[in-house]
1. Considering each residue of the range 105-150, count those that are touching a residue at least 60 places away in the same chain (Cβ under 8 Å) and within 19 Å of VAL235 (Cβ to Cβ), and give that number.
2. I need every pair where a residue in the range 50-66 that is assigned to a strand (DSSP E or B) and among the hydrophobic types (A, V, I, L, M, F, W, C) has its Cβ under 8 Å from the Cβ of a residue that is crowded, with 21+ Cβ neighbours inside 10 Å and modelled with pLDDT under 95, sequence separation at least 6 or different chains.
3. Return the residue satisfying two criteria in turn: it lies in the range 165-192 and is under 17 Å from ILE126 (Cα atoms) and touching a Lys or Arg at 6+ places or on another chain (Cβ under 9 Å), and of such residues it is modelled with the highest pLDDT.
4. Quick check on this structure: which one of GLY123, GLY80, GLY53, GLY105 is in contact with a Gly (Cβ under 8 Å, 6 or more places away or on another chain) and modelled with pLDDT of 95 or more?
5. Could you tell me whether the range 86-108 includes any residue that is hydroxyl-bearing (Ser, Thr, Tyr), under 23 Å from ILE46 (Cβ atoms) and surrounded by fewer than 24 Cβ atoms within 10 Å (Cβ to Cβ)?
6. How about the range 67-105: which of its residues are assigned to a loop (DSSP other than H, G, I, E, B) and among the hydrophobic types (A, V, I, L, M, F, W, C)?
Amino acid sequence: MSYGKEQEEVNYVRGMFASISGRYDLMNRLMTFGRDMVWRRFIISIANIPKGGRLLDVGTGTGDIAFEALRADPAARVTGLDFTLEMIKTGRKRERSELIGWCLGDALRLPFPDATFDVVTSGFLIRNVIDVRSAFREQVRAVKPGGLVVCLDISPAPRNISWLFAMFHLRVLIPFMGLMITGNKDAYKYLSASTINFIEPAVLSDIMKSEGLVEIGFRRFMFGNIMLHWGTRPVRDSTIL
C-alpha cells in the first residue's frame, strides 16, 4: 500500500468516527445489546491494575474503558488516547471526565516514553489501524515489563450454528441501525466489512507474540465474533537497557 493510499484510508476512518461521535456510545449499546459494557468490565478485571497504577487506553473513543478503570479504582491514573478530536470532545462532556488525561494522538506513534504504564488497553481499535504489528509494537514499548496489553476487538464469526445470525447482524442489522441512529449507514457498513475481513484470533495471538508479548490468551464473546486478547511484556525484556 502506498503512502498516499495509507493516508487516504487514515483520513477516511478519522472522518467516519468524527461523523458518528455524537451517537457512538448509543450505537455501541444497541449493536451489542448492552453487552459491550460487560466486556469492558472484563478488560479491567483481566488487567488487574495495581492500586493507583497507570493505564493507557489506546483508541479510547469517548472513554468507556478509561471510565471503567476509574470505576474500579478511583485512584488509578488513566490516560485515554484517540486520533479523532470529535470523539475526545464527546468523552470530555461525560461526568468525571476531568479525572482522565485525554490525549490526541496516533496509535502507531504513541507520544509516551518507554515503560510508562502498568497496563495498556484498546477496544475496537486494532481492526481500524493500517499496521497491526506497529500498533502492538508501540503498546508493548509503552507498557512496563511485567505489565499487560489487553485488546478487545471483533473477528470473523466461527462457522458454527450461530454464523448465520452473526452475518445477519453484521450485514443487515448494524448498517440499518447506523442509518436510523446516526444517519450514516456507510460508516456502519465499513465497520461490518472490517469485522468480516479481519484476521482470526489465533493469527492475532501470533502477531502479539511476534511483537514480544508472552503468556497470551484470548476469549470469545457474543456470536463468537467478539474477541478479547491479552499478553504480558516479559519482566526480563531485552529492549530495556
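The values are calculated or read from the model by the stated rules, or taken from the named source; none is laboratory data. A quick note: this is a predicted structure, and the numbers were derived from the prediction, not measured. When we count neighbours, we look across all protein chains shown, and the Cβ atoms used for this are built from the backbone with ideal geometry, even at glycine.
1. Matching residues across the range 105-150 total 21.
2. LEU55/ALA47; LEU55/ILE49; VAL58/LEU125
3. Out of the qualifying residues, it is LEU191.
4. Going through GLY123, GLY80, GLY53, GLY105 in turn, the sole match is GLY80.
5. no
6. ALA75, ALA76, PHE83
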